[in-house]
Amino acid sequence: MSLFTTLQNIVPQQALSEFAGKLASSKHPIVKRFFIHGFATAYGIKLDEYEREQWDDYQNFNDFFTRELKAGMRPINAKDGGIICPADGKISQIGQIRQHQILQAKGKNYDIAQLLADHELGKAMLDGSFATIYLAPTNYHRVHMPFSGTLVETIYVPGQLFSVNNETAQNVPDLFARNERCVCVFDTEFGKACVVLVGAMIVAGIETVATGKLKRSEQIQRHTHNLTLKKGDELGRFYLGSTAIVVLPKSAGTAWQGGLQNGTVVKMGQLLGICYQ
């Protein structure tokens, strides 16, 4: 195990993330300016693509971090049966669910039912397909619908807050099934499907359009919904970098686009695959 991974086991993950969240939500002009300008300078962030192009237009760091794009900046691929990328970032892994196992990193798999925190839902995804998208701190941090469907349930799953970068994925078993997450469950034309929003170290929160910002707790929280969303609609957002996982059933008959692999840079709205249900 690497030193970076070992340190993550030592630091108080929840307390650190909660402290970061308080600073990120501060509207104090000095605190706000320090974090926004410092972050933008460190990562070379420009506001050309975004609706608000002035640093002072943002109320706090969280507002800046979840900044909205200008209209038309991410065209939504309209191909029939197409599954689009839900977020800007990089492909972590993409492929088929072998029996009940999802590939996390080379030589490491984890259980689909454990990820979804629901045995029956896991069974519905056996031999299906998945795409894991890693959002770096510099990325656009809103998550959009990869397909059209009706949101019928959200499942908040408490957990740890390991970093979700490649190094941690290679060293922490069952990483995505251990971290805090929100499982969004949909009824679609090809059956049940899910988008999982996975928290990470210093992530100050996860939000969905159906629940608002989720409150951390030690218990699993399940909420039913009846919200129809179109492909490309906003589904949720992260307050600092994390991961979105698209999970599709075998009945979708998903064929992923060629050339997509670990490390491939992707943009929200681009075509990831086609469902031949």
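The values are calculated or read from the model by the stated rules, or taken from the named source; none is laboratory data. Given the structure is predicted, the values throughout are model-derived calculations rather than measurements. Note that each Cβ is placed from the backbone with ideal geometry, even for glycine, and that neighbours are counted across all protein chains shown. The area values use the complete protein model at the heavy-atom level, side chains included, leaving out ligands, DNA and RNA. Shrake-Rupley method; radii C 1.70, N 1.55, O 1.52, S 1.80 Å.
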**Prompt:** Suppose R0 equals 35 Å; then what is the FRET efficiency for Glu53 and Leu126 from their Cβ-Cβ distance, rounded to the nearest 0.05?
**Reply:** 0.15
**Prompt:** Per residue, what accessible area does the chain have, given a 1.4 Å probe and all protein chains present, in Å²?
**Reply:** 45 Å²
**Fill in**
Taking every alpha carbon pair in the stretch 36-83 and sorting the distances into 10 angstrom bins from 0 up to the bin holding the longest one, the percent per bin comes out as 23, 44, 19, 13, 1
**Request:** At 0.36 nm per residue, minus the direct Cα-Cα distance, what do Lys79 and Asn226 gain on full extension? Give it in nm, one decimal, please.
**Result:** 50.4 nm
**Request:** From largest accessible area down, sort His141, His28; use a 1.4 Å probe on the protein chains.
**Result:** His28, His141
**Prompt:** Straight-line reach from Lys32: which lysines have Cα under 25 Å away, leaving out those fewer than 8 places along the same chain?
**Reply:** Lys22, Lys46, Lys70, Lys213, Lys215
**Item:** Highest-MSF residue in the chain out of Met73, Met145, Met125 [GNM, Cα springs under 10 Å]
**Value:** Met73
**Request:** Report relative contact order for the stretch 48-167 in percent, whole number only (criteria: Cα-Cα under 8 Å, sequence separation at least 6).
**Result:** 27 percent
**Complete:** For Lys108, the lysines lying under 25 Å Cα to Cα, once residues fewer than eight places off in the same chain are dropped, come out as Lys90, Lys123, Lys250
**Prompt:** With the contact rule set at Cα under 8 Å and sequence spacing of 6 or more, what percent relative contact order holds for the stretch 148-277?
**Reply:** 28 percent
**Fill in**
Residues other than Asp118 with Cβ under 14 Å of its Cβ, Lys/Arg counted +1 and Asp/Glu -1, net out at +1
**Complete:** Under a 1.4 Å probe, counting only protein heavy atoms, Lys267 has an accessible area in Å², nearest 10, of 90 Å²
**Prompt:** To the nearest 500 deg cm²/dmol, what mean residue ellipticity at 222 nm is calculated for the chain from DSSP H runs of n ≥ 4 alone, each contributing -39,500 (n - 2.57), summed and divided by the residues?
**Reply:** -6000 deg cm²/dmol
**Item:** Accessible area of the chain belonging to carbon and sulfur atoms, whole % at 1.4 Å probe
**Value:** 52 percent
**Asked** Convex hull over the Cα atoms of the chain, averaged projected area in nm²?
**Response** 13.9 nm²
**Item:** Gain in span if fully extended, His37 to Gln160, counting 0.36 nm per residue against the direct Cα distance
**Value:** 41.3 nm
**Message:** Under 8 Å for C-alpha pairs, at least 6 residues apart: give me the relative contact order for the chain, rounded to a whole percent.
**Reply:** 26 percent
**Prompt:** At a probe size of 1.4 Å, how large is the accessible area of Cys275, to the nearest 10 Å²?
**Reply:** 10 Å²
**Request:** Take every Cα-Cα distance within the stretch 222-265, group them into 5 Å bins from 0 onward, and report for each bin the whole-number percent of pairs it holds.
**Result:** 5, 10, 14, 24, 26, 13, 7, 1
**Fill in**
Karplus-derived 3J(HN,Hα) from phi for the stretch 149-157 (6.51 cos²θ - 1.76 cosθ + 1.60, θ = phi - 60°), whole Hz, x at Gly and Pro, runs x, 10, 6, 10, 7, 10, 10, 7, 10
**Message:** List the residues, sorted by chain then number, that are 5 or more residues from Asp233 or on another chain and whose placed amide H is less than 5 Å from its amide H.
**Reply:** Met145
